[in-house]
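Quick notes on the structure that follows.
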Amino acid sequence: MKPIILDGKALSLTIEEELKERVLKIKEKSGITPILATIIVGDNPASVTYVRMKGNACKRVGMEPLKVELPEETTTEELLAVIDKLNADDRVCGILLQHPVPRQIDERECFNRVSMEKDVDGTNISSFGATTMGQDAYKCATPAGIMEIIRRYNIETVGKHAVVIGRSPILGKPVAMLLLNAHATVTICHSRTQNLADIVKQADIVVAAVGIPRFVQASWIKKGAVLIDAGYNEGNVGDIDLENCAPLSSAYTPVPGGVGPMTIAMLMSQTVDSAEKTYM
Ligand code: NAP
């Protein structure tokens, strides 16, 4: 049977339509346009593009983007002061610190300074802890996007073996916890994992979050597995060799147009959640 294409782009457009309605209701009731603040430190071209895309999505759903641009030489203390100011600003419903920040900055300390109520990108360690324990908190946007694809396409997770390749704080680890909470049996692999191919071969669901173009090979894939490619590398290629792996799968996310657009949709969705909590 032909594999199903898990169309994150189309899903993200559906979600945006839902969000527009919700933002309209917030504006009607409170007279306030919710703000999503994005902080960018330095001028990394990829980060500049991501922040612009997030700002545009914000406008499309009727919210106001607030871009805070800081120079490359910003210190941790200066960045913390900016976050404190945004935390205290009532109109700001969400705060996103664009990753990565320059080396001299303690990124973890800055992520943790974003108040949990405004942590719509789910990078605060307390948000991660609460989410892991199954409590209500904002989730990391890319893992949330992956779970939303799984939910909206009715992909079974209960009792399934999910193999996550990658253990980064923003992707591999949180998506593994979300899959565990969805009752999958989860294996997390990383650069020190031995016999990676054999482990992936057992997976009903493969999540690739490695950062190496076309890393996952067709010979590693069990027939009928669901393939989620979170990777995004130069030349619009993911972390799975989709050309050869996809035909073996029952469903897969394309690159581009899979996980990427859902990341932004989840950021918008969680900002609207936060705005509703404040104004409705
Ligand atoms: P990262 O922080 O560099 O983490 C990469 C992970 O892959 C690490 O845990 C690393 O293991 C593991 N790894 C590296 N080489 C490996 C190997 N040979 N075998 C097994 N595991 C290996 O990357 P990230 O931020 O999680 O991003 C991963 C990918 O997702 C990238 O392609 C990135 O562009 C993409 N991404 C996409 C979105 C989106 O919105 N679509 C958002 C974020 C990231 P160790 O921990 O042992 O080093």
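Within segment 244-259, residues that are farther than 22 Å from A144 by Cβ sit with their Cβ atoms under 8 Å from residues that are within 10 Å of the ligand (Cβ to nearest atom) and open to solvent by less than 30 Å² (accessible area, probe 1.4 Å), at 6+ positions apart or across chains, in these pairs: C245/V216. The residues of segment 235-249 that are crowded, with 17+ Cβ neighbours inside 10 Å and part of a loop (DSSP other than H, G, I, E, B), listed by number, are G238, D239, D241, S249. If you go through segment 56-99 and keep only what is of a type outside the set (A, V, I, L, M, F, W, C), within 20 Å of K139 (Cβ to Cβ) and part of a loop (DSSP other than H, G, I, E, B), you end up with Q98, H99.
The values are calculated or read from the model by the stated rules, or taken from the named source; none is laboratory data. Everything quoted here is computed from the prediction, not taken from an experiment. A quick note on method: Cβ atoms are made from the backbone with ideal geometry, for glycine too, and the neighbour counts reach across all protein chains shown. The accessibility values were calculated without ligands, DNA or RNA, using every heavy atom of the protein model including side chains. Shrake-Rupley method; radii C 1.70, N 1.55, O 1.52, S 1.80 Å.
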